[in-house]
1. Sort 135, 219, 261 so the one with the fewest other Cβ atoms within 10 Å of its own Cβ comes first.
2. Stretched out fully, how many nm does the piece from residue 271 to residue 149 gain, at 0.36 nm a residue minus the Cα gap?
3. So how far apart, in nm, are the two label points at residue 123 and residue 261 if each is 7 Å from Cα heading toward Cβ?
4. Using the eigenvalues of the Cα gyration tensor, what equivalent ellipsoid semi-axes result for the range 82-140 when each is taken as the square root of five times the eigenvalue, whole Å, largest first?
């Protein structure tokens with residue numbers, strides 16, 4: 001039991017990602033986003049107060065978020081559905097699932113290929129997670145509408161996505177090459193290296209891996225309201241997302257992190273963020 005739970009947790013941990021695969025600052029930034037998502041997920045679970053809760057992770061990739069919550073809520077009956085447009089990523093997620101030894105955990109999780117832009121989900125959900133995914137679709141309005149259609153009344157959407165008005169665009173108005181390296185961290189290298197080095201499984205970059213719909217806060221708020229969501233809470237993510245550039249400039253990164261924490265402590269700078277985290281309800 002302990003060995004199984006440890007494996008589930010490591011999928012979500014720095015030990016699993018390891019610094020030689022993914023830059024440390026990317027992990028740190030993503031972990032900050034994930035902690036806020038975890039807090040909102042806790043609130044949703046408590047508010048729903050149901051014996052059985054059904055959760056869908058839209059754009060699940062290899063299922064790290066699902067496995068983490070499966071471990072955390074091991075004693076609660078939560079059914080997880082992971083969907084992704086890429087069948088290779090779904091195969092990869094299923095490959096990991098086979099390594100989960102306990103049948104009672106495996107039975108609570110399923111993965112399937114699905115394009116959220118084209119149709120509603122194949123099942124109703126109480127919670128939909130859309131973590132760093134909506135920016136990869138072409139038609140955000142249609143995708144959000146399909147999510148809303150697939151949520152039960154009173155259900156929750158937890159969504160995180162990059163900020164189009166990234167503050168770094170104003171902090172670094174010089175040296176185009178440096179600015180580009182900061183704004184485009186090591187996105188693809190991490191996931192591909194994890195699958196390749198740990199599972200001998202190559203995930204090819206596709207068109208849907210690119211950012212097609214990066215929005216401002218006002219733009220995504222408008223689309224959420226238009227598709228029937230009531231926005232409950234908006235939180236800011238990290239000031240910077242991280243990457244090799246920040247790993248190689250620790251002093252700059254430290255100063256930015258201090259400034260970032262001050263913004264969080266004083267509850268200011270909601271628009272001063274690399275990512276938004278939004279908690280909404282149907």
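None of the figures in this text is laboratory data; all of them are computed from the coordinates on show. The structure displayed is predicted, hence computed values, not measured ones. With ideal geometry, Cβ positions are generated from the backbone for all residues, glycine too; neighbour counts draw on all protein chains shown.
1. 261, 219, 135
2. Taking 0.36 nm per residue and subtracting the Cα distance, the gain is 41.0 nm.
3. Simple spin-label model gives 4.2 nm for this pair.
4. Working: eigenvalues 110, 38, 20 Å².
Over the Cα atoms of the range 82-140, the ellipsoid semi-axes are 23, 14, 10 Å.
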